[in-house]
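Values quoted throughout were computed directly from the atomic coordinates according to the rules given, and no laboratory measurement underlies them. Everything quoted here is computed from the prediction, not taken from an experiment. Positions of Cβ are generated from backbone atoms using ideal geometry, with glycine treated the same way; all protein chains shown enter the neighbour counts.
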Amino acid sequence: MGRTVRDGLRRSAEQHQFVELARNFAAEEIRPRARAVDEADTESPLDLWRKASELGLTTFMIPEKSGGGGVTDLTTQVLVQQELCHGDIGIGNLITSNGFFSAPVEHLGTPEQQERFLTPLGSDTPPITAVAVTEPGAGSDAASIQTSARRDGDTYVLNGQKTWISNAPYAEMFVIFATVDPAKRARGVTAFVVPRDTPGLTVGPPFRKMGQRAIVNAEVFLDDVRVSVENRLGAEGHAFSGLMRTFDASRILIGAACTGLARAALDFASAYAAERVQFGVPIVRHQAVAFRLADMATRVDAAHLLTLRAAALYDAGEAVAQESAMAKLVGSENAMWCTHAAVQTLGGYGYSREYPVERWMRDAKLEEIEEGTSDIQRLIISRGLGAR
């Protein structure tokens, strides 16, 4: 388990239960498989995902009425996410990825839609799902998406291309964000649930990536895809606000995932420094190494506490665009710093694929990019300063 961050949070019995379950699964199932999954490159460990599903770890965040675990408070989700990603951030993110699909359904969907689309996630054989926002010409600027949605009677016709879609090769259902009018930007964005077998929806080959290879990404092509109006989430042009609220939660969870990764790097580097002898003493007794470890520990704690603060505000119903951006910014950049520091602490061995720290450094880089780059997080934070 390694070092535990002291946060003053009084955990409930339910939180203890889920955190312990996640911690044990990470240690016994995730960590031993992480290297092989990384080397497989473009294959998700679906057998491991099914094991996690049997324990309820893929659906614990789904409302109980939909067959999930009913852990809808973000604070508990943060604690669980951190433990899973302490085992391996890519596998941990894969295990909880159905939560990203369920969020826009919960924020935008009617009770009937929530029952129809979320209940399968709580079944004995839950489907893998995906959310499709990013396009070749629209990344951080989600309001500029060009995938079109044209109303035709009781259906919509979708045309366009999505890219970097997580789980796309395996997903059985997609939430696809399109626009009814590109000129309206955010006010034109509309969301649809689209089953994979819908005619006209095709998925490209998996991308080969630097890290986090447990989640496979690919392009999604939409060629005259007809979707029933009953699969539209919310009213026309109302999906952007739901997407932003989804990002508020997911960025906080990214902060948690990054904290788990940074904590793993700290644990490994600390253990190595206590055993590795140079100049007649363990290297942890050299001030340069000891101070590096001290900085790692401080960064882990800072990310953990910022993430918990954002989650608590989110659970209280507060607007948290700034706080979630801070959690992601600090979490992702500290994870990158800590994994780099772990490589530096191991020296030549840190550069070797025999040790996990080089993989963790590759994994960390994604978190400074996905769901809004560090530059975008700073933009969100700076814009909010004028409102205070």
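When the helices in the chain are scored as -39500 (n - 2.57) per DSSP H run of 4 or longer and the sum is shared across all residues, what 222 nm value do you end up with, to the nearest 500 deg cm²/dmol?
Result for the chain: -16000 deg cm²/dmol, rounded to the nearest 500.
Can you report the principal axis dimensions of the stretch 32-80 using only the alpha carbons, biggest first, rounded to whole angstrom?
Computed over the stretch 32-80, the largest-to-smallest principal extents equal 38, 20, 17 Å.
Please work out the C-alpha center-to-center distance from the stretch 77-146 to the stretch 249-279 and express it in whole Å.
Cα centroid to Cα centroid, the span is 26 Å.
Put one equal scatterer on each alpha carbon of the stretch 13-122, apply the Debye formula with no solvent term, and list log10 I(q)/I(0) at q = 0.11, 0.16, 0.19 1/Å to two decimals.
Summing over Cα pairs of the stretch 13-122 leads to -0.34, -0.70, -0.93.
Determine the relative contact order of the stretch 240-385: mean sequence separation of Cα pairs under 8 Å and six or more apart, normalised by residue count, in whole percent.
Relative contact order here is 31 percent.
Given the C-alpha atoms of the chain, compute the convex hull and give its volume per residue in Å³. Write out the running numbers ahead of the final one.
Details: hull volume 52.5 nm³, N = 388.
Per-residue hull volume (Cα only) is 135 Å³.
Report, in cubic angstrom per residue, the convex hull volume of the C-alpha atoms of the stretch 129-237.
Values: hull volume 10.2 nm³, N = 109.
Enclosed volume per residue, from the Cα hull, is 94 Å³.
Which of THR259, THR298, THR147, THR345 has the fewest other C-beta atoms within 10 Å, and how do the rest follow up to the most?
Working: THR259 33, THR298 11, THR147 22, THR345 25.
Ranking THR259, THR298, THR147, THR345 by Cβ neighbours within 10 Å, fewest first, gives THR298, THR147, THR345, THR259.
Could you check which residue among GLY242, GLY69, GLY347 shows the biggest mean-square fluctuation in a GNM of the chain with a 10 Å Cα cutoff?
GLY347
Could you tell me how many degrees, from 0 to 90 and to the nearest 10, lie between the Cα long axis of helix 374-385 and the main elongation axis, the longest principal axis, of the Cα atoms of the chain?
Once rounded, the angle reads 80 degrees.
Taking the Cα centre as origin and putting +1 on Lys and Arg beta-carbons and -1 on Asp and Glu beta-carbons, what dipole magnitude results for the chain, to the nearest 20 debye?
Dipole size: approximately 1000 debye.
Taking Cα atoms, how many degrees apart are the long axis of helix 31-40 and the longest axis of the chain, rounded to 10 and kept between 0 and 90?
Between helix and principal axis, roughly 60 degrees.
If you take the beta carbon distance between ARG226 and GLN161 as r and set R0 to 22 Å, what does 1/(1 + (r/R0)^6) give as a FRET efficiency, to the nearest 0.05? Numbers along the way, then the final one.
On the way: r = 17 Å, r/R0 = 0.79.
After rounding to 0.05, the efficiency reads 0.80.
Restricting the calculation to Cα positions, tell me the Rg (one decimal) and the Dmax (whole number) of the stretch 323-371 in Å.
11.8, 38
Going by how many other beta carbons lie within 10 Å of each one, how would you line up HIS286, HIS107, fewest first?
Arranged by neighbour count, lowest to highest, HIS286, HIS107 become HIS286, HIS107.
Just how large is the dipole of the stretch 311-379 about the Cα centre, in debye to the nearest 20, putting +1 at every Lys and Arg Cβ and -1 at every Asp and Glu Cβ?
Roughly 320 debye, rounded to the nearest 20.
Counting only residues 5 or more places away or on other chains, whose amide H sits under 5 Å from the amide H of THR163 once H atoms are built in the peptide plane?
The list, which skips near neighbours in sequence, is THR134, GLU135, VAL220.
Projecting each Cα onto the charge dipole of the chain (Lys/Arg +1, Asp/Glu -1 at the beta carbon, about the Cα centre), which of SER166, LEU46, PRO63 comes out farthest on the positive side?
The one lying farthest along the dipole's positive direction is SER166.
Within 10 Å of each residue's Cβ, count the other Cβ atoms and sort ILE215, ILE376, ILE89 from fewest upward.
On the way: ILE215 20, ILE376 17, ILE89 32.
Lowest to highest Cβ neighbour count: ILE376, ILE215, ILE89.
Work out how far the C-alpha atoms of the stretch 240-385 reach from end to end along every principal axis, then list the three figures in whole Å, largest first.
Computed over the Cα atoms, the extents are 59, 25, 23 Å.
Does the stretch 204-261 come out rounded, prolate or oblate by the C-alpha gyration tensor, with a ≥ b ≥ c the root eigenvalues, rounded set by a/c under 1.5 and, if not, prolate when a/b is larger than b/c and oblate if not?
It is oblate, given that a/c is not under 1.5 and a/b is not larger than b/c.
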